[in-house]
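What follows is a short report on a single structure.
The values are calculated or read from the model by the stated rules, or taken from the named source; none is laboratory data. Given the structure is predicted, the values throughout are model-derived calculations rather than measurements. Here the Cβ positions follow ideal geometry from the backbone for every residue, glycine too, while neighbour counts run over all protein chains shown.
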Amino acid sequence: MGNLEARKLDAAEHEEFPAVFAAAFLEDSEEELARFRPIVPHVTALGVFDGPEMIGTAGHHDLTITLPGGRSSPVAGVTTVGVKPGHRRRGVLTALMREQLDQVRGSAVPLAVLYASEGAIYGRFGYGVATFENHLALPAGARFRADVEVDERPVREVDRDRALPVVHEQHTRIAATRVGWTGRGDGSWEALELMRQKRDGLRSRYALHPDGHVIYRAVKKWTDRGPDYGLVVTHLMAETPRAYAALWRYLVEFDLVREVAWKKAAVDEPIVHLLTDPRAADQRVVDGLWLRLVDVPAALAARGLPDDVVVEVGDSFCPWNQGRWRLNGEPATAPAQLSLDVADLAAAYLGGTTLVQLAAAGRVRELEPGALAAASRALATDRAPNCPDAF
Ligand SMILES: CC(=O)SCCNC(=O)CCNC(=O)[C@H](O)C(C)(C)COP(=O)(O)OP(=O)(O)OC[C@H]1O[C@@H](n2cnc3c(N)ncnc32)[C@H](O)[C@@H]1OP(=O)(O)O
């Protein structure tokens, strides 16, 4: 990598950070930059320099993530990763990942998560797919089963300023109960709102129910045959099944609309079970949150697992994790019963993929009969983990 230098940026260098990051996405108009600038103060900002020139960026938020069993852990929410065109494939990202993981470890945060722009980038750095997203679409007018109970208190459209305090309060409460959801102890709600203002420039709309809310955008289209609007959900959360039904009914009964779509629905999204015709729901599953165990023993301890299986973990990028660990995070001297790479442990960590599934793909080796099923069951969760949050 020659004379490349990766380091934490000082405050004066924060000015340049958004331009370098935005250039990586070819989004460097003044308007686009205005969207990124307010995010920088909320992240630990790293840069890579070639001499005096900043050519790569990466940042991370200090978030929390909900783990199975009502537990939670600090997590680095990795974002704004970019390398300037013309400087790629010479190790800049590798240098950023090295520096970032060292910094996260140094601050005693055991986990890192990210959304990948492309699926082939992060596996080599020990990240595994910990949640899957359900790209869900429902036709307008999709009918609910007659026995579905709907909370009849009204859903009301309110403006952003009135909505946000309620949205953030409900989000904090609900996120603590849903595996994979992130919490914003760092107060970076503004950054979340900015990330919600998607690249399509559509305005977010807020509809509140006493026990939940939906944030969505409207794609307005007219054809010779009449209105053909689409509603694109960015967040939908409810504290009760009846409020959940009320919010979905609000969306599918919206006038002018042909389709309601949500790309961050859970793989086991309950809406399918509300419908008279479950086939009406179009579902496509893709990778969601990528997770990295930065500190394997601390991450395992945070999950509160039993101590009865010994796993041999391989980790070429963060060798401090290599070795034999009990599932509860204690170092083990007994022979290993399972062996796997850290990225595969990450894939199973929130329960989104089972170890049995990974073993069927040849990625986990069972060294003692029975250990695979026991460890797989210990890591599995009741509901599919998901993360509807952007960061
Ligand atoms: C969490 C987020 O913010 S996701 C956003 C990521 N950013 C983007 O997608 C913006 C556009 N792309 C870029 O800025 C850059 O191409 C990056 C960041 C994806 C890669 O940066 P580079 O400096 O080129 O990566 P680097 O040279 O360190 O590559 C390391 C390895 O990853 C591989 N790699 C890098 N990018 C990709 C990719 N897009 N797809 C597949 N493999 C890749 C390289 O081939 C290399 O492999 P090797 O070690 O076998 O030779």
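Identify, from the list ALA108, ALA76, the residue that is more than 9 Å from the ligand (Cβ to nearest atom), assigned to a loop (DSSP other than H, G, I, E, B) and farther than 28 Å from VAL260 by Cβ.
ALA108
Name the single residue that is surrounded by the most Cβ atoms within 10 Å (Cβ to Cβ) among those in region 82-105 being without any contact (Cβ under 8 Å) to a residue 60 or more places away in the chain and near the ligand (Cβ under 6 Å from one of its atoms).
Top of the filtered list is VAL83.
Hey, among the residues in region 112-146 that are of a type in the set (Val, Ile, Thr) and part of a strand (DSSP E or B), which one's farthest from the ligand (Cβ to nearest atom)?
Ranking the qualifying residues of region 112-146, first place goes to VAL129.
Can you tell me how many residues in region 50-81 are within 13 Å of VAL113 (Cα to Cα), buried (at least 19 other Cβ atoms within 10 Å of the Cβ) and among the hydroxyl-bearing types (Ser, Thr, Tyr)?
4
Spot the failing condition for GLU169; the list is (1) assigned to a helix (DSSP H, G or I); (2) surrounded by 15 or more Cβ atoms within 10 Å (Cβ to Cβ), and only one is missed.
Exception for GLU169: condition (2).
Name the one entry in LEU293, LEU305, LEU327, LEU372 that is crowded, with 17+ Cβ neighbours inside 10 Å, at pLDDT 95 or above, closer than 24 Å to TYR122 by Cα and not hydroxyl-bearing (Ser, Thr, Tyr).
The match here is LEU293.
What number of residues within region 16-66 are part of a helix (DSSP H, G or I) and either outside the structural domain of ALA76 (by TED's automatic domain parsing) or over 14 Å from LEU192 (Cα atoms) (or both)?
13
Taking the residues in region 273-288 that are of a type in the set (A, V, I, L, M) and assigned to a strand (DSSP E or B) as candidates, determine which candidate is surrounded by the most Cβ atoms within 10 Å (Cβ to Cβ).
Across region 273-288, the extreme among qualifying residues is LEU275.
Conditions first: (1) modelled with pLDDT of 95 or more; (2) buried (at least 21 other Cβ atoms within 10 Å of the Cβ). HIS135 passes all but one, so which condition is the exception?
It is condition (2) that HIS135 fails.
Pairs under 7 Å by beta carbon, first residue in contact (Cβ under 8 Å) with a residue 24 or more places away in the chain and basic (Lys, Arg) in region 21-50, partner part of a loop (DSSP other than H, G, I, E, B) and more than 12 Å from the ligand (Cβ to nearest atom), six or more apart or different chains?
Partner pairs satisfying both residue conditions: ARG35/GLN197.
Any chance region 3-18 includes a residue that's of a type in the set (Gly, Ala, Ser), surrounded by 13 or more Cβ atoms within 10 Å (Cβ to Cβ) and under 23 Å from the mean Cα position of the chain (by Cα)?
No, there is no match, as no residue in region 3-18 is of a type in the set (Gly, Ala, Ser), surrounded by 13 or more Cβ atoms within 10 Å (Cβ to Cβ) and under 23 Å from the mean Cα position of the chain (by Cα).
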